[in-house]
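Written out below as structure tokens is the structure these notes cover.
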Amino acid sequence: MQLSIENVSKRYRSGVQALRDLTLTIQPGVLGLLGPNGAGKSTLMRILSTITRPDQGRVLWNGQDVARDPDTLRNVLGYLPQDFGVYPKLNAIEFLDYIAAVKGIDAASARKRIDALLPLVNLADAARRPLGGYSAGMRQRVGIAQALLNDPQLLIVDEPTAGLDPEERVRFRNLLSELSGERVVILSTHIVSDVEAVATEIVLLARGSIVASGDPETLLARVTGKVWEVIVPSADIRAFRETHVISNAAHRADGVHARVVSESAPAAGARPLEATLEDAYLWALAAQRSVDRTGGTT
Amino acid sequence: MRRHAIFAIARADFLERVRRYSFLVTLLIAVFLGYAAATGKITLKLGNYRGVYTSGWVGAMVALVTTTFASLIGFYIVKDSVERDRATGVGEVLATTPLSKPAYAIGKFLSNVAVLTSIVLVLAVAAVVMLLFHREDPRFDLWALLSPFLLIAFPAMVLTAALALLFEMLPGLRGSFGNVVWFFIWSFALSLPGITGNRWLDPAGLWTVTESMSAAARRVIPGYTGGFSLTVADPAAAVLLENLRWPGLQWTAAEILIRIGWLAVAFALALLAAAFFDRFDPSRTRRDAARQQTAAATGDAESPRQEVSVTADAYPAALLIPPQPAGAGRMFFAELRLALNGLPWWWHAVAGGLIAGQLLAPFTIARGPLLAAAWVWPLFIWSALGAREAQHGTNRIVFSSPHVLARQLPMSFLAGAAVAALAGSGVAIRLLLSTDFTGFAAWLAAVLLIPALALAFGVWTGTNKTYEALYTVLWYLGPVNHVPALDFTGASPGSNSPAYVAMYVVLAAVLLISAFTARAAQLYRA
């Protein structure tokens, strides 16, 4: 089971270059796709889920070109889009049954799977209420359930925890971890902690290109020994921000306690800290911005 | 501050509209009407006659095209500005600002006016073009040519703009039902001065023009007793009277006052709309309020919590079993259930009554008014075909599923056809029992045409409005007023001829092909 992305580029009619010559091979497990807004994550998700075609390059599912025969992939695909709607007058069971029919699942299988999925997404008690009355989080959970209807081999979830409360977020992360054993799961988000919790591989995307990739340990190793805590006087923090990569800052009585990612100690008295994936993420993005500013010469 | 806010609302709304493809389509419709008028395909006749194309005649004729055809379509074009704010969530942002309800309503009203005025301008240009190419009178009178646009077409469109806004503010008329109601209000408004004999009740200006032209006609047509029509027909069908040189409307102070009066009515309606404006508060519409109450009763609509951790043991074994593939019938019934979902019991009761009526009533009544009623009753079911995915935002989920073109779309069409067949089943049974196979073929062609038209317009436009407007007009002209070419019930004499049946079947096929082609393109643009 393998999903290959070969030299994929996408430019929108507006002129925005969403993806630039992207190449990636994805094996079973959870791939966390991280990147700032506008990095091209959703475009990549839409291409992988056969919603959008790339301008250049190709996507292969088990060696088969998805553009030539999209239904091969669609048969094994579970997709949770970033933005999606529901039919407000249907209840959750009716909606999931309809989507199951669209996916070509027979009625008996659908019934069993819906019965199993609704408690899993914590909607069993609300299952017979019209979806129009659901909260955003509940609607998102219906989206999660529909993505799992066909026992997908490839599960693509785009910003799946948007609208979920912290408890539901944890539940969903755990669910993803469980699902990942024999399938390819692609989790796109800009919430680093979601990826940190479940991803077996991480790809960092910025301006349509891969900035960094690897397993979490590899990415963490890049910033190990480069994270510091330094106390900066409140009056100086703005100037300090302009010259340093700060991943966190908190005002205290003695000044601003800044968490800084830096090759060397940013100031006298700086205290080394244990690196997190968020530090690695910000460090990689800062490095990319530096390359962009200098026209790729550094 | 308030003036600035009104202007800002109107400007933003207008810019949002003109940057959409639908505005281009709007202008194309206006250009088409203008072309039809400019090339003489739309004819204004007095009995069987027409006058010389003077500046006044051409101006009045094209202005009446605007107040009749363009006002009907224009309503459907502009009746979405508040809904857009509701759907995009912009409305809730605006509701939290100090913006007053009248300021919002007037801003939207002005945007509606701007869009409809663009149609008036296109048609005014068409009138000038028509006069240049078809001038039969050497004199060029700019005032006679353009004053009907200023004093008839513009106020009528302003009134349309206000009514569209009012419909959007009234919960009962906001949706599909309002689209149908508008058609009947529009047709009633056109006949209002004829019914009442009161020239003040003439928003479309038809009576004003008719009276003036008829007076001129009586002077040159011996025995002319009236008769006035604006038809899409072969211009040769109208006999040109060389000595009927109508100079145009003579605008008296009273006439101008009537037109200004309609502008005032429009403005008052816009303010009335403001009074009904719910300020995007969902609790103020009955259905949403009920939903909120249900949610509140169940504790913010959330279910009782289960344990936070989902362990491997908690993952249901049922989900580890791969699902079995379904046959085509599964998709068909899923589409049919979706189409019929949420209809109240009385809807089914009326539909059942119409079927029973078709079986029991005299055949002419069964195939006439009863079949006509049966084939407009499920209008809102058909109008959702093809548009549902875009309207509710389910397209990304549906379009990423396998065999959308080979399974979901055809079954959606067949579900619509099944509804049409069932609704008209009483007549079909009687046609078959009487071995009237020609009549049955006509019935079957209609069963295919009705959902094909819906599917095509639904897929093309992503909204149910276009089909609802178009089908209502077709239904009114064909099954109700028995224009043979448009009477798809086959009840009018000659309307079930093999030629018409073949035409309907070919049209249905073309519409289906275009729907599939458009959907195929959409699959990669969702």
Hull-based mean projected area of region B:1-92, where the convex hull spans the alpha carbons, in square nanometres: 8.4 nm²
Where A meets B: accessible area buried, both sides, 1.4 Å probe, Å²: 5300 Å²
For chain A, size of Cβ-based charge dipole, Lys and Arg +1, Asp and Glu -1, in debye: 780 debye
Shape of the protein assembly as shown, Cα gyration tensor, a/c cut at 1.5: prolate
Cα gyration tensor shape of chain B, rounded if a/c is under 1.5, else prolate or oblate by comparing a/b with b/c: oblate
Positive-pole candidate from B:Gly178, A:Val170, A:Val16, dipole of the protein assembly as shown, charges at beta carbon: B:Gly178
Spatial extent of region B:352-424: Rg and Dmax, with the Cα atoms as the point set, Å: 16.1, 50
Nearest-10 value in Å² for the accessible area of B:Glu211, using the 1.4 Å probe: 90 Å²
Virtual spin-label span in nm between B:Phe177 and B:Ile195, 7 Å along Cα→Cβ: 2.1 nm
Exposure of B:Arg11 as accessible area (Å², to 10), given a probe of 1.4 Å and all protein chains: 130 Å²
Distance between region A:1-43 and region B:427-476 - C-alpha centres, whole angstrom: 45 Å
Accessible area expressed per residue, chain B, with surrounding protein chains retained (probe 1.4 Å, Å²): 44 Å²
Chain B: angle of helix B:21-38 to the longest principal axis, Cα-based, in degrees nearest 10: 30 degrees
Segment B:Arg219-B:Leu28, length gained on full extension (0.36 nm per residue, minus Cα span): 64.8 nm
Region A:130-236 - Kirkwood radius from inverse mean 1/r over Cα pairs (Å): 16.2 Å
Solution diffusion estimate, µm²/s, Stokes-Einstein, region B:54-108, Kirkwood Rh from C-alpha pairs, 10 °C, viscosity 1.306 mPa s: 115 µm²/s
Positive dipole terminus of region B:37-155, leading residue within B:Gly56, B:Thr43, B:Thr68 (C-beta point charges): B:Thr43
Debye intensity ratio in log₁₀ form over the Cα atoms of region A:1-105, taken at each q of 0.18, 0.22 Å⁻¹: -0.97, -1.24
The protein assembly as shown - percent of accessible surface contributed by carbon and sulfur, probe 1.4 Å: 62 percent
In Å, descending, principal axis extents of the Cα set of region B:421-515: 41, 26, 24
Semi-axis lengths, Å, region A:73-170, gyration tensor of Cα atoms, sqrt of 5 times eigenvalues: 19, 16, 12
Principal axis box of region B:37-143, alpha-carbon based, largest edge first, Å: 60, 26, 19
Solvent-accessible area lost in complex, 30 Å² minimum, residues of region B:397-436 relative to chain alone, 1.4 Å: B:Ile397, B:Val398, B:Ser400, B:Ser401, B:Pro402, B:His403, B:Arg407
Listed residues A:Ala116, A:Ala147, A:Ala250, most fluctuating in chain A (Gaussian network, C-alpha, under 10 Å): A:Ala250
Shielding by partners - mean other protein chain Cβ count within 10 Å, residues of B:341-354: 1
CD proxy at 222 nm, helix term only [per DSSP H run n ≥ 4: -39500 (n - 2.57); per residue of chain B; nearest 500]: -20000 deg cm²/dmol
Dipole in debye (nearest 20) - the protein assembly as shown, about Cα centre, beta carbon charges: Lys, Arg +1; Asp, Glu -1: 1800 debye
Rg(Cα) / (2.2 N^0.38 Å) computed for region B:347-477, rounded to two decimals: 1.13
Karplus-derived HN-Hα couplings along region B:388-393 (A = 6.51, B = -1.76, C = 1.60, θ = phi - 60°), whole Hz, x at Gly and Pro: 4, 5, 6, 5, 9, x
Amide H partners (placed H, <5 Å) of A:Ala206, local residues excluded: A:Val211
Shielding by partners - mean other protein chain Cβ count within 10 Å, residues of B:319-329: 6
Inter-site label distance for A:Gln64 and B:Ala499 at 7 Å from Cα along Cβ, in nm: 5.1 nm
All-pairs alpha carbon distance profile, chain A, 5 Å steps from 0, percent: 1, 5, 11, 14, 15, 14, 12, 10, 7, 5, 3, 2, 0, 0
Projected label distance in nm at A:Ala235 and A:Thr23, using a 7 Å step from Cα toward the beta-carbon: 5.4 nm
Cβ charges +1 (Lys, Arg) and -1 (Asp, Glu), total dipole of region B:195-274, debye: 160 debye
For region A:49-67, residues shielded by at least 40 square angstrom of accessible area compared with the chain on its own, probe 1.4 Å: A:Ile51, A:Arg53
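The values are calculated or read from the model by the stated rules, or taken from the named source; none is laboratory data. Owing to the predicted nature of the structure, the values given are computational and were not obtained by experimental measurement. Heads up, the Cβs are rebuilt from the backbone with ideal geometry, glycines too, and the neighbour counts pull from every protein chain shown. Please note that ligands, DNA and RNA were not included when accessible areas were found on the heavy atoms of the full protein model with its side chains. Shrake-Rupley method; radii C 1.70, N 1.55, O 1.52, S 1.80 Å.
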